[in-house]
1. Provide the solvent-accessible area of Phe41, counting protein heavy atoms only and rolling a 1.4 Å probe, rounded to the nearest 10 Å².
2. Any idea which of Val470, Leu7, Leu94 is furthest toward the positive side of the dipole for the chain, if Lys and Arg beta-carbons carry +1 and Asp and Glu beta-carbons -1?
3. Rounded to a whole number, what % of the accessible area of region 293-498 do carbon and sulfur atoms account for, probe 1.4 Å?
4. With charges only on Cβ, +1 for K and R and -1 for D and E, what is the dipole size of region 293-498 about its Cα centre, in debye, rounded to 20?
5. What nm value, rounded to one decimal, do you get for the distance between Asp291 and Glu186 when each label is placed 7 Å out toward the C-beta?
6. Quote the charge dipole size of the chain about the Cα centre in Debye, to the nearest 20; the model charges only the Cβ of Lys and Arg (+1) and of Asp and Glu (-1).
7. In what order, largest first, do Glu223, Glu164, Glu144 sit by accessible area if the probe radius is 1.4 Å?
8. Of Leu497, Gly461, Ser436, which is farthest along the charge dipole of region 399-499 in the positive direction, counting Lys and Arg as +1 and Asp and Glu as -1 at C-beta?
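The values are calculated or read from the model by the stated rules, or taken from the named source; none is laboratory data. None of the values given here were measured: they were computed from a predicted structure. Heads up, the Cβs are rebuilt from the backbone with ideal geometry, glycines too, and the neighbour counts pull from every protein chain shown. SASA here: full protein model, heavy atoms, side chains in, ligands and nucleic acids out. Shrake-Rupley method; radii C 1.70, N 1.55, O 1.52, S 1.80 Å.
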Amino acid sequence: MNNSIKLNQKNLVEIAHKIPCPTYDRSKLKTGIVHVGIGGFHRAHEAFYTDRLLEDGSITDWGICGIALLEFDTKIYNSLKEQDGLYTLIIKELDGSHTKRVIGSIVEYLYAPENPTTVIEKMASSEVKIITLTITEGGYNYSEATQSFDFTNPNIQYDLKHPEAPKTIFGYLTQAFKLRKERGLEGCTLQSCDNIQGNGHMAKRMLLSYVQKAEPELVSWIETHVAFPNSMVDRITPATSAADIENLKASSGIDDAWPVVCEPFKQWVIEDDFTAGRPAWETVGAQFVEDVVPYEKMKLSLLNAGHTVLGIIGALMGYDTIDESVHNPQISAFLKNYMDIEVTPTLGALEGVDLDGYKKSLLERFGNINIKDQIDRICSESSAKFPIFVLPTVNTNLEKKGSIAFASLVIAAWAMYSIGKDENGKALNIKDAMKSILNEKGLAASTGDPKAFLEIETVFGKLKDSPTFVAAFTKAYKNIAEKGIATCVVEQNNKALNN
Ligand code: CS2
């Protein structure tokens, strides 16, 4: 459509005739939140909740400044800048319809690689009360092998030498908190919105490890002036496709360089521990609780691990999307068995949660044919995901002598996947910071020594020393090599049936 209108502040009045737009005065908003990592998920989740809050009330303190931290973020930064921070959120409903709205809560955006000082100043600004993060599971720089902060990361080494122009979140936060301390400003809240068990605890532990080395005298200031609430975040947000951009133009006449698509479901459970105030997100559906850890555990080990199960098995079978994978009845039965037999017994008491209902709803969400969530997206960065989503369940079951057969099959399938081809010989598009080592060990595993894959200690920790796990993994690997993944999935389901 040639006569589509470019999304930006100037055109908002006209666009409001087509789809709902912010009616609040964006120019009057103060920037109370700095958010690092303005990808799709943040824009479908925190920015969405905040936009609703701004729309509902007379609040003006909680505009968001989005930070693009990495060079990789150049495209999103440029798109948002051209559009004055505005973007369209397209909710793909279960009945196939689309609910659209222009979101206005991101009122500033900064590109860190070119303006490190501006970013540090913004994080240190007295107006900013909360710094939120979606920097991905791998972004916390935690090593499973040493169970601690990874100082061997070259970017961390760089930041230690160049504190004024850092590259990592740890370098930025250290400088910002140092300024706050020097200027006698109040502290602020650092809120992780990543899929990590105890994400607030992890953020605190990793930051303090870095600060201990970079600015030891800042440690106690951070301990007393910065809060690190844990939070559980949820909304399936596939990568935006070229078709999504075109459809928006064709259906609504809006030219948006990077709209965000997501499912209708959303959940945000947060510990109410904020140093310098917070938005009343509970009025727009967030839940504030005392201890979020059980909810996080449930979500990570059922939803995120469920995605990994569907993604890795589906990829090997040649599927492209999660709904295709879950609509294979044997794969969905496998996932259901994994959830019931291996995950559920590891979850503690979950007061007020209907676990059966939750698991059922996950299968429905995964099966939403309108979402078309990419298996490539789900399998990306699996080396950071397995240790958080799947391996804790395996470790608990090893301790409790529970079943590990389903998880072992998925891990063995991942070893196959890492070779880079599906079972039909088609190349897989592997995106992983550890791609080369995964490939090397995947190939080594395929030459007769499956457990070579388990030598990747930053992923598997000490699992290679567990004879029970090594035996289950080796058996699963050999079975897949001999019979193919589809047969193994069926056999595993049948074993569960007969037990
Ligand atoms: C997915 C998550 O990346 C993944 O592997 O499981 O992005 C998932 O879609 C979100 O956590 C949903 O809340």
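1. It works out to around 60 Å².
2. Val470
3. In region 293-498, the share of accessible area belonging to carbon and sulfur is 55 percent.
4. 240 debye
5. My value for the distance between the label points is 2.9 nm.
6. Details: 51 positive and 64 negative charges, 116 e Å.
So the dipole magnitude of the chain works out to roughly 560 debye.
7. Glu164, Glu223, Glu144
8. After comparing all options, I get Leu497.
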